[in-house]
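Everything below concerns the one structure shown next.
The values are calculated or read from the model by the stated rules, or taken from the named source; none is laboratory data. On a predicted model such as this, the values are computed, not experimentally measured, just so you know. Here the Cβ is made from the backbone with ideal geometry for all residues, glycine too, and neighbour counts use every protein chain on show.
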Amino acid sequence: MIPEKLLIYKHVGATCLHLVLIFLVVGCVTHKPMPEAVYGEQSTRLFADVPDKLKAPEVDILYATDRALDEDSGVLLYGHERSFSLAFGIARVDLDKDISWDDLVAWTTTQTPAPEAIKPEVESVTELTRLPPTPYKYTLGEGGGLVLDPDIADKRADIQKEIQGTIKERLALTERKQVYMHIHGIKEPFEDPLILMAMSYHVYGRQGVPVVYSWPAGEPGLLRGYTRDRESGEFTIYHLKDFIRTVAAMDEVEQINISAHSRGTDVVLTALRELVIEARASGVDPRGTFKIANLVLLAPDLDVDVTSQRAMAEGLHFAVGRVTIYVNQHDVALALSQQLFASEKRLGEFDPSEITDAQKERMEAAKNIDVIFYSGEEGGSLGHSYYQAPVILADIFLLYDGKLPGSRHGRPLEQLDNSMWVIDDSYLQ
């Protein structure tokens, strides 16, 4: 029996509690503010417009997960094992128990008071509802169509309404009727993406509705851990598709912005690919149906050739508003991944000089794909977690604010070529 409420132990986000294994690394995170120049004239208004209900160091993050409950841990939490039912709930993250709202805003927009970093922690997690376990029971209908068991169909519809009702309540608190969804990579415990999303949501002015989609990652071991997590990324695809459909079906949701890191990029691309093929086969416009304004791929652990055939060849980029890919040619984690799979090249560690003329032509023809090369010093010892760097958060903030790359648009990235840009740690300073 799944308990209705799950209170999960406190987790200090600035402390690394899990092992750093080969290239399966997120690493220790130091939470810093974005460059204050990113806010410009918005800084005063941005946080003044936050509803009183949200003006607190605590942040509530919605989550969907098909991680199983870890009953052997002594506390109730989601582990790395798989669940055949998708849970939905709210996690409360305290950005810093020793800071007031006013000081938090000052730290965010002016980088004062003095402490460089704050110390977020997950206070609690409340599971609100849970979809029926999959695979569902079907019968074969006329014309070869599948007919879902009526009892399961009714239960599923009721739970989807509960999920949509919770998102609707959150949308009512914000002018921006958008959902911001993040999908993590491998070796991630349940809590870490919640903290990252809480920080991002806060520094972005607490606009829209933040959601973490958490799949069963974190299997112990070196090679076994990676391969198990990789297959868990395949296991989660059906649930992710169902969740995206549920959110996109809401009239109240105007746009969905999706970001994904490392192997999470494969998870989201596979799910979107299947949704797009399904929509086009039904004669439906996938861009209008799924409302995905931005797809952000961070340090993508993807084989370039495979991605070209499974995503570009299927025209997946035409189904979203804009695709932004952040890469780092010094990403040691992806270099090791490349060796493990005998991959010709991993997308997330491209060197600008390695991009062929044919690849440049395809990106230019697409008109909505940007590759941004990170040349800074953030990212841990393996250069794989630079996506948490303040300058990357700043650029994504401006991207979500509707700004195209280039100084003339308010995003001062250095242009290398059409659709190719450079960002470093001096961004906006």
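Structural remarks
- Within region 357-378, residues that are farther than 20 Å from residue 406 by Cβ and modelled with pLDDT under 85 sit with their Cβ atoms under 7 Å from residues that are in a loop (DSSP other than H, G, I, E, B) and of a type in the set (A, V, I, L, M, F, W, C), at 6+ positions apart or across chains, in these pairs: 378/389.
- Entirely in region 87-167, the strands (runs of 3 or more DSSP E) that have 1 or more residues that are among the acidic types (Asp, Glu): 121-130
- Selection within region 236-268: residues that are part of a loop (DSSP other than H, G, I, E, B) and among the charged types (D, E, K, R). The member of this set that is surrounded by the most Cβ atoms within 10 Å (Cβ to Cβ) is 263.
- Of the helices (runs of 4 or more DSSP H) contained entirely in region 269-371, those carrying at least 2 residues that are closer than 21 Å to residue 183 by Cβ fall at 286-290, 304-307, 332-340.
- First in region 235-252 and free of Cβ contacts under 8 Å to residues at least 40 places away in the same chain, second anywhere and of a type in the set (A, V, I, L, M) and surrounded by 19 or more Cβ atoms within 10 Å (Cβ to Cβ), Cβ under 6 Å, 6 or more apart: 237/271; 241/271; 241/275
- Filter pass, residue 12 being at pLDDT below 70 and of a type outside the set (Gly, Ala, Ser): yes
- Beta carbons closer than 9 Å, at least 6 apart along the sequence or on distinct chains, pair a first residue in region 97-111 that is touching a residue at least 12 places away in the same chain (Cβ under 8 Å) and surrounded by 12 or more Cβ atoms within 10 Å (Cβ to Cβ) with a second that is among the aromatic types (Phe, Trp, Tyr) and assigned to a loop (DSSP other than H, G, I, E, B) for 108/39; 109/39.
- For region 77-92, the criterion of being modelled with pLDDT under 90 and over 19 Å from the mean Cα position of the chain (by Cα) is met by at least one residue.
- Residue check: residue 282 meets all listed conditions (1) of a type in the set (Ser, Thr, Tyr); (2) surrounded by fewer than 18 Cβ atoms within 10 Å (Cβ to Cβ); (3) at pLDDT 95 or above but one, namely (3).
- Within region 310-331, being more than 18 Å from the chain's Cα centre (by Cα) and β-branched (Val, Ile, Thr) holds for no residue.
- The listed residues are 333, 311, and the only one of them that is under 21 Å from residue 256 (Cα atoms) and buried (at least 18 other Cβ atoms within 10 Å of the Cβ) turns out to be 311.
- Residues that are in a strand (DSSP E or B) and without any contact (Cβ under 8 Å) to a residue 40 or more places away in the chain, drawn from region 384-429: 406, 411, 414, 415
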